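Here is the structure we will look at, set down as structure tokens.
The values are calculated or read from the model by the stated rules, or taken from the named source; none is laboratory data. Here the structure is a predicted model, which is why all the values come from computation and not from measurement. Reconstructed Cβ throughout: ideal geometry from the backbone, glycine too, with neighbour counts over all protein chains shown. The protein model used for the area step is the full one, side chains on, heavy atoms only, and it has no ligands, DNA or RNA in it. Shrake-Rupley method; radii C 1.70, N 1.55, O 1.52, S 1.80 Å.
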Amino acid sequence: MSKTLQAHENIEKDDKGASVFSQIRRYRLMQICAITALGLFASLTVARNITFVIFSVGLTCLVLALGLAYKHKVQASAYTLLTSMSVMLFSLALTGAALFDLAVLGYPGLLIFAAILGGVGLFISMLLFVIAQCVLLSWLTLQGFITPHIPSLSWSHLIFILVIFVVTGFSVYILVRDIKKLTVSLKKTNAKIQQSRAEVEHLAHHDTLTNLPNRFYGEILFEKSLQAAQSNKQQLALLFIDLDNFKPVNDALGHAAGDKLLQQLTQRLSETLESNHHLIRFGGDEFLVLAPFTINTSQLDGLAEALISQCASVFEILHNQVVVSASLGIATAPNDGQDFKQLCRKADIAMYRAKQDGRNTYHFYDESLDKATDDKFQMLQRLRPAISAQQFELYYQPMIDLRSGNISTVEALLRWPQSDGSMIGPDQFIPIAESGGLINELGTWVLQEACKYCALQRQNGLSGLRVAVNLSVMQFKSGHLQDIVAKALTDSSLPPEALELELTESLLIDDTDQIQLQLLKLSELGISIAIDDFGTGYSNLGYLRDFNAAKLKIDRSFIRCLSQDNQDEPLVKAIINMAHSLGLQTVAEGVEDKSTLDKLIEMGCDIGQGYYWSKPLPGSEISDFLNSKMVDPTCLKSSPLD
Ligand code: C2E
Ligand code: CA
Ligand code: CA
């Protein structure tokens, strides 16, 4: 709400309050006029001579005051009432027993009227006026200007006294009742204010979806928990929980489902914790747990495992069974620091490491992680100018048809040559380029270069050569990948069937609709798609058909094991059979020796790639290798990476 609007509302509220108050004042004024008039009327019946005249004038003034009040002229009415009554009392005393006259008893009543009807100013004026009248009466008497005559007691005096008592008593009664009412309403308002203050405080400190303490309050809880832990000679662990695949749930089932998942998760996590633990919603799908512990961090293993397993169990959300997992990072105070933000950062770094370790696991913070983060930052700083200056190089590694021994495709693999002659491999800088938002530029350059290289080789006689390019999931985010690919093909005049794009499995489970649409457009261009590193991700076969993949590249971790033991053999065989049944060709990555090759041939694998034939080589060297066409099994050339 804008400030002006609020000010306006406040003024309106004030106006309302003021008008209620003046209403009450008017009402009280009319009540006082009426009861006093009634009293005077009663007194009039027993009054004689001058007293009768004074009462009559007083009564007339009262009727006038009543009329004024009725016509909402509250101030005029109040002044008429007070002035006429004090003049009336003064006249009665002046013509009667002066300071000893019964009329003087009416003065306290007048003061009460003044207190009810006006502010402090009116009350003080009235008080001074009454005092002045009493002083005047005394002076006139003492100077002999008037002679008080004390009448002998009659019933009319009693009536007069009773009238004064009733009128004064009534005024006191309404005054006290108003005060009581005011006190009660003040108490109620106060209670309401207290309650809304508590609500506002709760809102400021808690997250509305899960009702958990928020990050801001988390810091206060952290300070308190740390103090308590230190006075109990304990340490305090800060566990940072991040859901691994919350986004796909949100995207596929909608935000309402995402919210439900977070609420159910909160419930489960809370049940896992002890009374001296705190669960905090750090933001989005991130939670913090504060847990004091006594001896060493191994005590926290159980807690971390319990929290992870709570996240990984099945959730029933809007009639869907949803499975997520969580990665968890742990930092401890005072070992890793005592500052909340610092510890959060450290626990976050450790959590990130847990994600790299394959997710659904936890990791403790240690300084080497910080160093790694530092190194990454340094590398990111160097990556930007290197991309602009196109300081990268593409190496190529052949894929061999295991039946014919022919090379039909080469995989383009990125290298970053350094001024000292060394080479940085893609595993080191691609994740940094991805997280630093540089992968699109880099990926576009790779596509352009690879297409150019392949087109040139085709012109130089290797007419059937194809090139495979690795894609990062980030390259799909912009939604224009097909345009970039199409441009690379036109610029190089490479036919689309000579280009293959390698996508990892994990890419396929993220943002499925968006990516599926782009893959469809890419297939429409005529290029083919290979699934890279198969077996390391979710290995969900359902989507392979949806993505028009032509090849399945079995991850080299499975192939490496083939030469050592037979454990993975049935698995590799199953993958090959399954791929064939889906009409996909299989590529075995990382073939390093003859025995592995023999096993793969026996299993019916279609294509092989690995050091057994060649390491990735610079374009110029690989073209010699390709031109020989004949694949010599003993031909193991060295790569600058090794
Ligand atoms: P990848 O797509 O699985 O590429 C194959 C990796 O296995 C290459 O590592 C290659 O050098 C290595 N390799 C091939 N044969 C053998 C073998 O017989 N034994 C062993 N031990 N290793 C072998 P490299 O070049 O370091 O690339 C690593 C990863 O970096 C690639 O894995 C790919 O995921 C990524 N990458 C490389 N270039 C690019 C690129 O241009 N864009 C993107 N987005 N990622 C790239
Ligand atoms: Ca690849
Ligand atoms: Ca691979």
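For the range 26-71, the solvent-accessible area with a 1.4 angstrom probe is 52 square angstrom per residue.
Ordered by packing density, taken as the mean number of other Cβ atoms within 10 Å over each peptide's residues, highest first, how do 91-100, 132-141 rank?
Listed from highest to lowest mean packing, they are 91-100, 132-141.
Could you work out [θ]222 nm for the chain from helices alone, using -39500 (n - 2.57) per DSSP H run of at least four and dividing by all its residues? Round to the nearest 500 deg cm²/dmol.
Working: 22 runs with 377 residues, N = 642.
So the helix-based figure for the chain works out to -19500 deg cm²/dmol.
For the chain, give me the percentage of DSSP beta bridges that are antiparallel, rounded to the nearest 5 percent. The partial results should precede the final answer.
On the way: 39 of 66 bridges.
Of those bridges, close to 60 percent are antiparallel.
A quarter of the convex hull surface defined by the alpha-carbon atoms of the range 75-233 gives 18.9 nm² as the mean projection. Pairs spanning more than 20 Å between alpha-carbon atoms, out of 487/615; 341/371; 260/477: 487/615; 260/477. Label positions at residue 314 and residue 208, each projected 7 Å from the Cα along the C-beta direction, are separated by 3.4 nm.
Mind scanning 452/551; 247/355; 553/573; 233/376 and naming the pairs with a C-alpha gap bigger than 25 Å? If you can, show how the numbers build up before the last one.
Numbers: 452/551 23 Å; 247/355 15 Å; 553/573 13 Å; 233/376 37 Å.
Over 25 Å Cα-Cα: 233/376.
Step by step: find N for the range 215-365, compute 2.2 N^0.38 Å, then divide the Cα radius of gyration by it. What's the final number?
Details: Rg = 15.1 Å, N = 151, 2.2 N^0.38 = 14.8 Å.
Taking N as the residue count of the range 215-365, the ratio is 1.02.
Values of log10 I(q)/I(0) for the range 230-314 across q = 0.23, 0.27 Å⁻¹ run -1.14, -1.45, by the Debye formula with one identical scatterer at each alpha carbon and no solvent.
Using the Cβ-Cβ distance between residue 520 and residue 550 with R0 set to 25 Å, the FRET efficiency from 1/(1 + (r/R0)^6) comes to roughly 0.95.
Here's the list of lysines a cross-link from residue 187 could span, going by alpha-carbon distance under 30 Å and ignoring same-chain residues fewer than 8 apart: 3, 13, 16.
Express in nm, to one decimal, how much length is gained between residue 513 and residue 125 on full extension, taking 0.36 nm for each residue of separation and deducting their alpha carbon distance. Display every interim value, and only then the final one.
On the way: separation 388, 0.36 × 388 = 139.68 nm, distance 8.41 nm.
Additional length available on full extension: 131.3 nm.
Per residue, how large is the accessible surface of the range 215-365? Use a 1.4 angstrom probe and give square angstrom. Can you show the working numbers first?
Details: 6890 Å² over 151 residues.
Value returned for the range 215-365: 46 Å² of accessible area per residue.
Would you please put 268-278, 58-68 in order of how densely packed they are, using the mean number of other Cβ atoms within 10 angstrom per residue and starting with the highest?
Working: 268-278: 13.8, 58-68: 19.5.
Highest-to-lowest ranking by the protection proxy: 58-68, 268-278.
Basic side chains Lys and Arg get +1 at the Cβ, acidic Asp and Glu get -1 at the Cβ, and with that the dipole of the range 2-183 about its Cα centre reaches some 360 debye.
In this rough spin-label picture, where each label sits 7 Å from Cα along the Cβ direction, the residue 216-residue 38 distance is 5.8 nm.
What accessible area per residue, rounded to a whole number of Å², is obtained for the range 116-211 using a probe radius of 1.4 Å?
71
The lysines within cross-link reach of residue 188, meaning a Cα-to-Cα straight distance under 16 Å and a gap of 8 or more places when in the same chain, are 180.
Counting Lys and Arg as +1 and Asp and Glu as -1, each charge on the Cβ, what is the dipole of the range 215-365 about the Cα centre in debye, to the nearest 20? Walk me through the intermediate numbers first.
Values: 13 positive and 17 negative charges, 44 e Å.
Dipole size: approximately 220 debye.
Going by Cα centres, the range 442-510 and the range 230-253 are how many Å apart? First find each Cα centre; the distance between them is then 39 Å.
Dipole orientation for the chain: of the candidates 601, 292, 195, 195 has the Cα lying most toward the positive pole (charges on Cβ; Lys, Arg +1; Asp, Glu -1). In degrees between 0 and 90, to the nearest 10, how far off the longest principal axis of the chain does helix 481-492 point, with axes built from Cα atoms? Computed tilt is about 40 degrees. Evaluated with a Cβ-only charge set (Lys, Arg +1; Asp, Glu -1), the chain carries a dipole of roughly 4960 debye about its Cα centre, given to the nearest 20.
Between residue 154 and residue 52, how high is the FRET efficiency from 1/(1 + (r/R0)^6) when r is the Cβ-Cβ distance and R₀ = 22 Å? Nearest 0.05.
Working: r = 14 Å, r/R0 = 0.65.
It comes out at approximately 0.95.
What percentage of the solvent-accessible surface of the chain, computed with a 1.4 Å probe over protein heavy atoms, is contributed by carbon and sulfur atoms? With neighbouring chains kept in place, the figure for the chain is 58 percent.
Placing unit charges on the Cβ atoms of the charged side chains and taking the dipole of the chain about its Cα centre, the candidate lying farthest along the positive direction among 465, 351, 138 is 138. In this entry, the chain is assigned a mean projected area of 49.2 nm², taken as a quarter of its C-alpha convex hull surface.
Each 5 Å bin from zero holds the following percent of Cα-Cα pairs in the range 73-134: 4, 20, 31, 24, 13, 7, 2, 0.
Calculate the FRET efficiency for residue 136 and residue 181 from the Cβ-Cβ distance with a Förster distance of 41 Å, rounded to the nearest 0.05. Numbers along the way, then the final one.
Working: r = 39 Å, r/R0 = 0.94.
Once the sixth-power term is evaluated, E becomes 0.60.
Think of the chain as a dipole: +1 on every Lys or Arg Cβ, -1 on every Asp or Glu Cβ, centred on the Cα centre; then among 579, 38, 127, 38 lies furthest on the positive end. Distance between the pseudo-spin-label points of residue 536 and residue 627 (7 Å out from Cα toward the beta carbon): 3.5 nm.
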